[in-house]
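Input: a single structure, listed below in C-alpha cells.
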2 protein chains.
Amino acid sequence: MAERNGRAPTLATVADEAGVSRQTVSNALNSPHLLRADTLERVQRAIETLGYSPNRAARSLRTRSSHLIGLRIDPAAEGTANALMDRFLHSLVDSSRDAGYHVLLFSSPAEEPGETGAAAPDPVAVYSDLLRSTAVDAFVITDTYRGNPQAGWLEAHQAPFVAFGRPWDDPDATHAWVDVDGRAGVSLAVEHLVERGHTRIAWIGWQRGSFIGEDRRAGWLDTMHAHHLPTSRLSARGDDTLDFGRRAARALLESERPTAFVCASDTIAMGVLHALDGADLRAGRDIAVVGFDDSIAAQVVPPGLTSVRQPLEQVAIEIIGLLDKRLSHQPVLEQGLLLSPTLVVRGSS
Amino acid sequence: MAERNGRAPTLATVADEAGVSRQTVSNALNSPHLLRADTLERVQRAIETLGYSPNRAARSLRTRSSHLIGLRIDPAAEGTANALMDRFLHSLVDSSRDAGYHVLLFSSPAEEPGETGAAAPDPVAVYSDLLRSTAVDAFVITDTYRGNPQAGWLEAHQAPFVAFGRPWDDPDATHAWVDVDGRAGVSLAVEHLVERGHTRIAWIGWQRGSFIGEDRRAGWLDTMHAHHLPTSRLSARGDDTLDFGRRAARALLESERPTAFVCASDTIAMGVLHALDGADLRAGRDIAVVGFDDSIAAQVVPPGLTSVRQPLEQVAIEIIGLLDKRLSHQPVLEQGLLLSPTLVVRGSS
DNA sequence: AGGGAGGATTGGAACGATCCAGACGAAGTG
DNA sequence: CACTTCGTCTGGATCGTTCCAATCCTCCCT
C-alpha cells in the first residue's frame, strides 16, 4: 500500500523499483513466460512492495477492451414474485469475476408519457452508446420473453452478446444463447402430480403471444396427453398477476373441480393460494399447487409452494463461458444451450 | 452511426468534420458556454452525423475518474425473504444514471474452507484493488448491520463512499450515511395494532448484538410502555430464519397467548404464519402479524402480510446525492440522514 | 489609429498502459 | 571465427481524451 508523493504507483514506478524497463513490468503481468525466472520474481516483489495495480483506464484505452459486461436491469413490477433476477445476478457477478470481468448495470430512462415528446427514448440507444464509448465489451441480455429488439440490433452491429432466452421469433438468429427448458420443467411438475394420484390437473398460464408461456403450457399439454388425462376446459390464460391467479383458480374450482393446479409462474400460484385461502381449502391437503421459478415467496409461504426451479447459477456460468470464448476469439461451437430445470417439492403438493 | 474506415469516430474525426480543433469539440461537450453559438451548433451537428460518443477509457485516464460506483453484492442466503436488495439496486442504478454514473457490481471470492490456507481472502482487498486501479470512483456499502470493517478501512484511506446504514459501533465515524429509522417503523406497527384493540402484542426479533435488531426492538418496547401495555415474557430472540419464527411463535402462543406479533423481519413473520397455519389459526382473523421490509413474500402471501416498508427508492436517491456532492468537491452539509419508513397494512392485521 | 481587455479558439503535452520493432547477449551451427 | 538463432529485454510510438498556455480575433476606449 506504499505510495510515492501521494499518487498511485504506475508501471514506471515499479520499473524503477525493480531496475527494469516499463515493458518488462508489463510483460510480468501479461506474459510472465517471457521473463527469466529471477527477473520475474524481482518485478513481482516490486509490485508487492509498492502495492501496484495497473490502471484500468490506461489499459482499456490501449487494448480497446474494458473487461466490463453490461447488463440492463429493468424496473421490476412490484408484487410480481420476480426475485429471479436476484439469484441470476449473483451468479453472473461471481462467474464474471472468475473470468476476469466485472458487471456494469444500467437502465433505460423511464419513458414518461407526459414528457416533452420530441426525444423519443430509443430502447437501443443506451446499448449503442455504451458500446461506442467502449464502456463495455459485451452485453448479457435477459428479456427475450416476447421477441426483443436489442438482440436484433446488437446482432446487426456485430456487438458481442449472449442472451438468456432463445431467439423464439427469429429462426435466422445466429447469436449465442442459453435457456432453460420450461416445457420439460412443467412436464416434471405434471408427472409429479400424476404420481400422487391426481387426474384432474388444471393449467393457469399466460396470454397467447408469450413464447415462453406457450412453451410451458405445451409441457402440461404433452404430459397430460401422454397419460390420457383430460385437458379440455382445464386451462386458463391471463396476466402474470396475483389477481388473475386468484380469479382463474376460483372460476376453475367452481366449474371443473380440479384437484391440482400447475401454474406458469409463482406469482400466479400465489394467487391460487389466495383463492384457496378464501374458500377455506388447504393447499397440499385439499388441493395441490405447483408454481414456476422457485421464488423466495415459494420458499417461505406456508405450507411451502412446490415449484419448478431454474438452474440460474448454471445459466450464468454458461453465459459467461460463451461470452468469454467470443471475446477471446475462440471458436464458439454450440450456438445455443438448453438447460433442464428441477422440481422442488414442498408442502403445497 | 456513420463510421470511417471501420473504426469508431474520435474527437479528431469530429473536429475535421466540423472544421475546428480537437479542443473545441471537447469544449462543446464539457463546457459548451465557452463556444460561440454557431460554432457549438456546427460541432453538435458533426457529432450527430458521425454518431460520436467520447471514449470512456481515454476520458477516464485523463480525468482520473471513471464515473463508476462500486457496489458489493453479497451472496444472499436462500430462504430468507431478502429481496430488499432488488428494489434498492434498481433505485440505485436509476439514481446513478441521472447523476451521470453507472453501477459496477463486484463480489468477494468465496472463502472456501477447504482452500489452500495461505491466501487468506482479505475482505478489504477487493475494495482496495478496485480503487487503486481507478476502476471505480466511489463505493456504496450496505452491510453495516453488525459493524463493518470496510467502512473503517475506506475511511482511513480517504476513499469516497456513502453507507446505507448508520455507523452504529463507531461514534467517531465521519463518513456520510443514509439510514432508515427502524425504531420508528416498529413503533408505527405497534400503534397500528393498539388502534385495532390489541393489548398483548409480542415481539419476535434477533439475537442481542445486532444493532439494527436492538433498535427495532426498542421501537416495540417504547411504544408498549407509552400505552402502559405489558411486555414481560412477550419477547423472543433468535436467528433471522423461518424456522426460528415458527418455533418462537408456537412457544409464545402456548404460554402467553398474545393476540398480535410484531417481527424484526418478514422472514420471521413468515415463520409466524407457518406456526398459525399449523395451529389452524388464521392471520388477520384470529391473530395479527406484522413484518418488516415489505418483501415480495409479504405482498403475495395470503392474506397479505402487513409490513414496515423502507423507502429504499429515497435512500438510493439520497445516497447518490451525497456521493455526487462528495465527488464534485461540494461541501457535504449533513453527515447522516435518517429516513422514516411507512406501514403497509394488509390482511394479516 | 493604437492599445488593451476579454472572449473564442488552438496546438502541444500529459494521463498510464500496450504494441511494435529493434538491441543485446549467449548459445548453436557451418 | 563469422553467422544465424533464440530468448530476454528495451525505447519510442500510440490509444483518445483533457489540461495548459498561448494565440487570434473583435470590440471598445482614449
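The values are calculated or read from the model by the stated rules, or taken from the named source; none is laboratory data. Values in this document were obtained by computation on a predicted structure and should not be read as measured data. Neighbour counts are summed over all protein chains in view; Cβ atoms, including those assigned to glycine, are modelled from backbone coordinates with ideal geometry.
Based on this model, can you work out whether B:Ala173 counts as touching a helix residue (DSSP H, G or I) at 6+ places or on another chain (Cβ under 6 Å) and either crowded, with 23+ Cβ neighbours inside 10 Å or more than 28 Å from B:Ala288 (Cβ to Cβ) (or both)? Criteria not met by B:Ala173. Among the numbered conditions (1) of a type outside the set (D, E, K, R); (2) crowded, with 24+ Cβ neighbours inside 10 Å; (3) touching a Ser or Thr at 6+ places or on another chain (Cβ under 9 Å), the only one that B:Leu322 does not meet is (3).
Residues are listed down the side, and each one gets a yes or a no for (1) modelled with pLDDT under 95; (2) touching a His at 6+ places or on another chain (Cβ under 9 Å); (3) within 15 Å of DNA strand D (Cβ to nearest atom):
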position: B:His67; (1), (2), (3): no, yes, yes
position: B:Gly79; (1), (2), (3): yes, no, no
position: B:His90; (1), (2), (3): yes, no, no
position: B:Arg97; (1), (2), (3): no, no, no
position: B:Pro113; (1), (2), (3): yes, no, no
position: B:Ala120; (1), (2), (3): yes, no, no
position: B:Ala125; (1), (2), (3): yes, no, no
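On the stretch given as region A:195-226, residues that are assigned to a strand (DSSP E or B) and of a type in the set (D, E, K, R) total 0. Could you say whether any residue in region A:284-291 is within 11 Å of another protein chain (Cβ to nearest Cβ), within 24 Å of the chain's Cα centre (by Cα) and not hydroxyl-bearing (Ser, Thr, Tyr)? Looking for residues that are within 11 Å of another protein chain (Cβ to nearest Cβ), within 24 Å of the chain's Cα centre (by Cα) and not hydroxyl-bearing (Ser, Thr, Tyr), one finds at least one in region A:284-291, hence yes. State yes or no: is B:Gly70 over 30 Å from B:Asp86 (Cα atoms) and touching a residue at least 40 places away in the same chain (Cβ under 8 Å)? In short, no. Please name all residue pairs, on different chains or six or more residues apart, with Cβ atoms under 8 Å, provided the first residue is in region B:47-61 and is more than 12 Å from B:Arg7 (Cβ to Cβ) and the second residue is of a type in the set (Asp, Glu). If the second residue must be of a type in the set (Asp, Glu), the pairs left are B:Thr49/B:Glu17; B:Gly51/B:Glu3; B:Ser53/A:Asp129. For region B:242-251, the count of residues that are at pLDDT 95 or above, buried (at least 24 other Cβ atoms within 10 Å of the Cβ) and away from chain A (no Cβ under 11 Å) is nonzero. Restricting the search to helices (runs of 4 or more DSSP H) fully inside region B:227-341 and requiring at least 1 residues that are farther than 30 Å from B:Ser66 by Cα gives B:242-255, B:266-278, B:296-300.
Could you check, for region B:137-157, whether at least one of its residues is within 16 Å of DNA strand D (Cβ to nearest atom), in a loop (DSSP other than H, G, I, E, B) and within 12 Å of another protein chain (Cβ to nearest Cβ)? Write out each step before concluding.
Here is the first cut: in region B:137-157, the ones within 16 Å of DNA strand D (Cβ to nearest atom) are B:137.
Right, trim to in a loop (DSSP other than H, G, I, E, B) and you get B:137.
Going one step further and asking which of them are within 12 Å of another protein chain (Cβ to nearest Cβ), we end up with B:137.
The answer is yes, given that some residue of region B:137-157 is within 16 Å of DNA strand D (Cβ to nearest atom), in a loop (DSSP other than H, G, I, E, B) and within 12 Å of another protein chain (Cβ to nearest Cβ).
Being of a type in the set (Asp, Glu), within 11 Å of chain A (Cβ to nearest Cβ) and more than 27 Å from the chain's Cα centre (by Cα) is true for just one of B:Asp266, B:Asp277. Which residue is that? Sole residue among the options that is of a type in the set (Asp, Glu), within 11 Å of chain A (Cβ to nearest Cβ) and more than 27 Å from the chain's Cα centre (by Cα): B:Asp277. Scan region B:15-38 and give yes if some residue there is over 27 Å from B:Phe161 (Cα atoms), away from DNA strand C (no atom under 16 Å from the Cβ), out of contact with any Gly (no Cβ under 7 Å at 6 or more places or on another chain) and at pLDDT 95 or above, otherwise no. So far as region B:15-38 goes, no, none of its residues is over 27 Å from B:Phe161 (Cα atoms), away from DNA strand C (no atom under 16 Å from the Cβ), out of contact with any Gly (no Cβ under 7 Å at 6 or more places or on another chain) and at pLDDT 95 or above.
Among the numbered conditions (1) farther than 25 Å from B:Phe106 by Cβ; (2) touching a strand residue (DSSP E or B) at 6+ places or on another chain (Cβ under 7 Å), the only one that B:Ile141 does not meet is (1).
Here the condition is being in contact with a Lys or Arg (Cβ under 7 Å, 6 or more places away or on another chain) and surrounded by 16 or more Cβ atoms within 10 Å (Cβ to Cβ); of B:Val301, B:Val308, B:Val344, it holds for B:Val344 alone.
Filtered by the rule that a residue be within 9 Å of DNA strand D (Cβ to nearest atom) and closer than 23 Å to B:Val126 by Cα, region A:30-58 gives A:Val43, A:Ala57, A:Ala58.
Of the residues making up region B:30-64, those that are out of contact with any Lys or Arg (no Cβ under 6 Å at 6 or more places or on another chain), assigned to a loop (DSSP other than H, G, I, E, B) and either more than 28 Å from B:Arg326 (Cβ to Cβ) or within 9 Å of chain A (Cβ to nearest Cβ) (or both) are B:Leu35, B:Arg36, B:Gly51, B:Tyr52, B:Pro54, B:Asn55, B:Arg64. Name the single residue, out of those in region B:12-29 being farther than 16 Å from B:Ser53 by Cβ and either of a type in the set (Asp, Glu) or not in a helix (DSSP H, G or I) (or both), that is nearest to DNA strand D (Cβ to nearest atom). The selected residue is B:Ser21. State which residue is farthest from A:His90 (Cα to Cα) when the search covers only region A:272-294 and only residues that are out of contact with any Lys or Arg (no Cβ under 9 Å at 6 or more places or on another chain) and crowded, with 24+ Cβ neighbours inside 10 Å. Ranking the qualifying residues of region A:272-294, first place goes to A:Ile287.
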